[in-house]
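Have a look at the structure below before the remarks.
The values are calculated or read from the model by the stated rules, or taken from the named source; none is laboratory data. Keep in mind that what you see is a predicted model, and the values were worked out from it rather than measured. The protein model used for the area step is the full one, side chains on, heavy atoms only, and it has no ligands, DNA or RNA in it. Shrake-Rupley method; radii C 1.70, N 1.55, O 1.52, S 1.80 Å.
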Amino acid sequence: MLFLSYIFLGLSLSAPIGPINAAQMDKGIKYGFMHAWLVGFGAMAADLLFMIVIFFGGAQFLDMPFLKTLLWSFGCFVLIYTGAESILSAGKAAKKEDTKTESKGKSFMAGFMMALSNPLNILFWFGIYGSVLAKTAEESLDKKDVFLNSAGIFVGIFLWDLFMALIAGMFKQTMAPKVLKAISYIAGIVLIGFGFYFGWEAYKELFL
């Protein structure tokens, strides 16, 4: 029962609309299920990296102002670039002959870099997963419990990424080209919007 609760925690971490979901939808309607899933898989790889860093006590470094500014600035660049690319290539969503113009590795790296450079994602993980570790330490000193709780979170993330990839792949197969193009534009605008928000946060860290 406890394992299931951590699966639901993983689902809840992934479900809110954000850059990763927008990028999965964008890649899925352009290139199909596998590319959408690889975006999510890349983000999972970054999440795993965060979990390892937290496990070994890296949370303390988040209090450094320089690091916060760097994270917000890098996230701003990655998201604005990805969003602009989504808008500029929106026409590909309507052309089946373009489905293999992007490598699977690029889709994986897109998800990995977005998750790695997203300060909200980083703070969220350090807060939520840090709490999970603290709770487990209170209840048990067995490292097996920590591993099981972490595995439950990852199962939840995996299930959500699979769901998003399936939805995006279905859109590619069933929706009209104009609708797919519109969704690609919207996804790009969402990503750019998050990018400007991150840029504003970087500005506040530096000057306010």
Next on the checklist: Once ligands and nucleic acids are excluded and a 1.4 Å probe is used, how much of residue 186 is accessible, expressed in Å² to the nearest 10?
Outcome noted: 100 Å²
Item to check | Residue-level accessible surface for residue 114, protein heavy atoms, 1.4 Å, Å² | outcome: 0 Å²
Checklist entry - Which order do 181, 104, 27 take when ranked by solvent-accessible area (1.4 Å probe, heavy atoms of all protein chains), largest first? => result 104, 181, 27
Checklist entry - Which value, in Å² rounded to 10, gives the accessible area of residue 113 with a 1.4 Å probe and all protein chains present? => result 60 Å²
Next on the checklist: Need the C-alpha centroid separation for region 25-51 versus region 177-208, integer Å.
Outcome noted: 18 Å
